[in-house]
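Here the structure is laid out as C-alpha cells; the discussion comes afterwards.
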Amino acid sequence: MTVIQNKDANPIAHLSKEDIAEIGRKLDAIRQEVADSRGEKDAAYIRRVIATQRYLEMASRGVLLFSKFPPAWILGTVGLSVSKILENMEIGHNVLHGQWDWMRDPKIHSSTWEWDNVTPSEAWKHSHNEVHHTYTNIVGKDNDLGYGIMRVDEDQKWYPMYIVQPAWNFINACFFQYGIAAYDLELGKNLKKPKDKRPEGFAEEVKKVKTKIRKHMTRDYVIHPGLSLVTGSALETMAANLVANWVRNMWTHSVIMCGHFPEGVETFEKEMLDEDESRGDWYIRQMLGSANISGSKAMHIMTGNLSHQIEHHLFPDLPSNRYAEIRVKVKALFEEYDLNYLERPLVPQVYSAWHKVFRLSLPNGFTETTTVKNLPKQLGLLTKMVTGDKRTRRALQAHLDAKVARKRAKVAKSDVTTAA
C-alpha cells in the first residue's frame, strides 16, 4: 500500500471536483433520510440488545458458580465471552459514538455511558471519535494506523525494529483493552517527558485508567471467584474470566484490523489537510480508507456492525442497525463512480490484514523479490539490513528497489509480447 497521491494509477484520478461534490451531496441525502426515519423500532433494537447482553452475562456468571464441572465451565465461559463482545462492540462503541443520543434516554447516552473497558469513555471518545474519525488513514495524523507501533505503509521508512511487528501485533491483540488505554494516554510519548513537561491533566487521566483497571480486576478476579468459593469453583471461575477477556480482546482486535488494515485500503498524505478539504473529499477518504466484512446478521451484530466499516465511517453517529440498508445505497454509489468497494468474508479479510502486517515488517521489495530458490540469499541480505548501520541499509534497499524494477519491467515486456 502506498499513499493514494503517490500511486501510479490513482483510483480517484477520474473524478472531477464536480463528481466529488455530487458524491458528497448524495451521501448527505442518504444520511438525512436515515436520520429523519429513526424511531421506536430503532430504540427497541438497542434496548433489546442491552437487555440480552445483561441477561446473558448474569446467566453465564451464575453457571460459572458451578464451573468446577467442565460442561458448566465451557457453557459459562462461552456465554461470558459473547456478552463481553456484545457490550464492547454493538453497545459500548456505538453508544459512545452518540448513535442513540437522539432517544434522549440518559441511560443510553454518549455523555453518561461507561463501558466495560479499562480505558475511560471520555478518553476513548477523544482519541477515536475526534482524532481517528477526523483524520482517517492520513499517515502521520491518524494514530489508529498501526497505533504508533507498526509500519503500515510502504512510504514509511523501514527500521530494523519493524521486523518484530507481527509478534508485537499478536501481543497487542491478547491485551488489546490495555493497549488501547495506553494508546489513548499516549503513554510511550508522555512517559519520556519530564513530569513538568507532560500535558496538563495527564496524571489525572492515568489515575482514571488505574481506577478502571482496579475495578475490572477486582470484579473478574476477586469478587466473582470469591462467590464461587462456596462450590469449590473459585479457580475455574477466575480462569473463565481470564479466557472471556482474552476472547473479547482477540475478537475486537481482529474486527478493528479488518476495518482499515487489509490489502487494498487506501492511505493519504497529511499534506492534503493543507488544502481546504471539502465535505465530498472527506467522504471519499472514508470510502476508500475503510473495508467491510461480508457475512450473516449474527456476525454483523457481534462485530458491532463494524463489518459495515465503510458505512460506519461515512455516518458514525447513525444507528448501527441501519448500516445494512445503508450499505445497498452506498455500494451503488461506489459502482456509479467506478470506485473500489472493498469487502471480503471474515477469514480472508483477517488474513489480508495480517498479510500486510507481515509484509510491511520487511523492507520494501523483499517479499516481491524472494522465491524458494533464492530464499537463503535473501535471508542473508535481510540479516545484514537488520544488523547493519544506516549506510548499509540504504545500499541494500537500493539493491532491492533495483531488483523490483527489473522484475516489473520483465513482466511488463512479457505482457506486451503476449498481447501482440
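So what's region 271-370 giving for Cα Rg divided by 2.2 N^0.38 Å, two decimals?
It is 1.26.
Temperature 20 °C, viscosity 1.002 mPa s: under these conditions the Stokes-Einstein estimate for region 160-239, based on its Kirkwood radius over C-alpha pairs, is 139 µm² per second.
Among D142, D401, a tally of other beta-carbon atoms within 10 Å of each Cβ gives an order, fewest to most, of D401, D142. Cα extents for region 239-293 along the principal axes, largest to smallest and rounded to whole angstrom: 53, 20, 17. Altogether, the Stokes-Einstein calculation at 37 °C and 0.692 mPa s, with the Kirkwood radius of region 56-149 over Cα pairs as Rh, returns a diffusion coefficient of 213 µm²/s. Region 114-140 and region 270-344 have Cα centres lying 18 Å from one another.
Each residue in T371, T303, T119 was given a count of other beta-carbon atoms within 10 angstrom of its own, and listing them fewest first yields T371, T119, T303.
Excluding D116 itself, what net charge comes from residues whose Cβ is under 14 Å from its Cβ, given Lys and Arg +1 and Asp and Glu -1?
For residues surrounding D116, the net value is +2.
Out of every Cα-Cα pair in the chain, what percent are more than 26 Å apart? Roughly 62 percent, rounded to a whole number.
Taking a threshold of 29 Å on the Cα-Cα distance, which of the pairs K141/K356; K157/K407; K107/K356; K212/K297; K195/K384 fall above it? Table pairs above 29 Å Cα-Cα are K107/K356; K212/K297; K195/K384. Among L360, L379, L396, the residue with the largest mean-square fluctuation in a Gaussian network model of the chain, with springs joining Cα atoms closer than 10 Å, is L379.
Let me check I've understood the local charge: for L362, count other residues with C-beta under 13 angstrom from its C-beta, Lys and Arg +1, Asp and Glu -1. What total comes out?
Details: positive: R151, K356, R359, R393; negative: E154, E368.
Cβ neighbours under 13 Å give a net charge of +2.
Between the helical axis of 346-360 and the longest alpha-carbon principal axis of the chain there is an angle of about 50 degrees. Near I223: Cβ cut-off under 13 Å, other residues only, Lys/Arg at +1 and Asp/Glu at -1. The net charge is +3. Using the Cα coordinates of region 13-62, the gyration tensor eigenvalues translate into equivalent-ellipsoid semi-axes of 42, 15, 4 Å, sorted from longest to shortest. Once a ≥ b ≥ c are taken as the square roots of the eigenvalues of the Cα gyration tensor of region 331-420, is the result rounded (a/c under 1.5), prolate (a/b larger than b/c) or oblate (a/b not larger than b/c)? The shape class here is oblate.
Distance between the pseudo-spin-label points of R54 and H355 (7 Å out from Cα toward the beta carbon): 4.4 nm. State the Cα centre-to-centre distance between region 14-43 and region 204-232 in whole Å. Result: 44 Å between the Cα centres. The angle separating the long axis of helix 165-174 from the principal Cα axis of greatest extent in the chain is about 10 degrees. Between helix 202-218 and the chain there is an angle of about 60 degrees, using the helix long axis and the longest principal axis of the Cα atoms.
Across K17, K125, K410, mean-square fluctuation computed from a Gaussian network of the chain (C-alpha pairs under 10 Å connected) peaks at K410. For a test of the definition: using alpha carbon positions, the gyration tensor, and the 1.5 limit on a/c, classify region 373-419 as rounded, prolate or oblate. In terms of gyration-tensor shape, oblate.
Coordinate-derived values only; no laboratory data. All values reported here derive from a predicted model rather than from experimental measurement. No Cβ is skipped: glycine too gets one built from the backbone with ideal geometry, and neighbour counts run over all protein chains shown.
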